[in-house]
Amino acid sequence: MRVVVQRVTHACVKVGGKVAGKIECGFMVLVGITHQDTEQDAQYIARKLSGLRVFEDENEKMNLSIHDINGSILSISQFTLYADTRKGNRPAFVDAARPEQAKPLYEYFNQLLETEYHIPVETGIFGAIMEVELLNDGPVTIIIDSLQAVQR
C-alpha cells in the first residue's frame, strides 16, 4: 500500500461537479493498493498517519499530529500510484490491485482511521473520475509505502 500525504489547509473532491468530500485543516491522502496488500498494510499506514507529526507548534516546528490540531483526512483512491513508467511513455498499471480487491481494502483503511484512530475521514467515490482541489500547506508532501515496513 502506498500513500501520498499532503498537509492541507483545505481540500475538496468533486464527482460530476458535485462535492463528494471536503475537509479543512488536515491531510489529503492519495491511496494506492497493489496485489499483495492486506489488512496489515492498511493498519501500518493508518498508524503512521495517525502519529505523523508534521503540523507546526507554537514555535513553528513540525511537532504536532493530526490529533493535536483536530484535523481531518480526505482519502482518495488512486490506482495510478502504482504506475510503471520503465518502458516507453505510456504507463502500465499492472501492479495496481483490481477494483474487487482494492475497494474493500480501501474501505477498511478509511474505517480504521475513523474507528481505531478517531480521525474524521471524507472520501471521494471509488473508481470515479474525480476533481481534487487542495491548498498544500508548506508545502508538505510525504510518501509512505507499507512495503518498506511490513514483513510479508
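Data table
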read-out	value
Wholly within the range 70-152, strands (runs of 3 or more DSSP E) carrying at least 1 residues that are over 18 Å from residue 21 (Cβ atoms) and touching a residue at least 60 places away in the same chain (Cβ under 8 Å)	131-145
Condition check for residue 93: aromatic (Phe, Trp, Tyr) and either farther than 18 Å from residue 140 by Cα or surrounded by fewer than 16 Cβ atoms within 10 Å (Cβ to Cβ) (or both)	yes
Selection count, the range 1-16, where residues are outside any strand (DSSP E or B) and surrounded by 24 or more Cβ atoms within 10 Å (Cβ to Cβ)	1
Test for residue 72: is it farther than 19 Å from residue 146 by Cα, within 13 Å of the chain's Cα centre (by Cα) and at pLDDT 95 or above	yes
Residue list for the range 109-118, filter: under 13 Å from the mean Cα position of the chain (by Cα) and either among the hydroxyl-bearing types (Ser, Thr, Tyr) or open to solvent by less than 10 Å² (accessible area, probe 1.4 Å) (or both)	109, 113
Residue satisfying condition, being among the small types (Gly, Ala, Ser) and out of contact with any strand residue (DSSP E or B) (no Cβ under 6 Å at 6 or more places or on another chain), within set 128, 96, 92	96
Number of positions in the range 52-68 that are surrounded by 15 or more Cβ atoms within 10 Å (Cβ to Cβ) and in contact (Cβ under 8 Å) with a residue 12 or more places away in the chain	5
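The values are calculated or read from the model by the stated rules, or taken from the named source; none is laboratory data. Just so you know, these numbers come straight off a predicted model, no measurement behind them. Cβ coordinates were reconstructed from backbone atoms using ideal geometry, including for glycine residues, and neighbour counts include every protein chain displayed. Remember, those area values only see protein heavy atoms, side chains included, never the ligands or the DNA or RNA. Shrake-Rupley method; radii C 1.70, N 1.55, O 1.52, S 1.80 Å.
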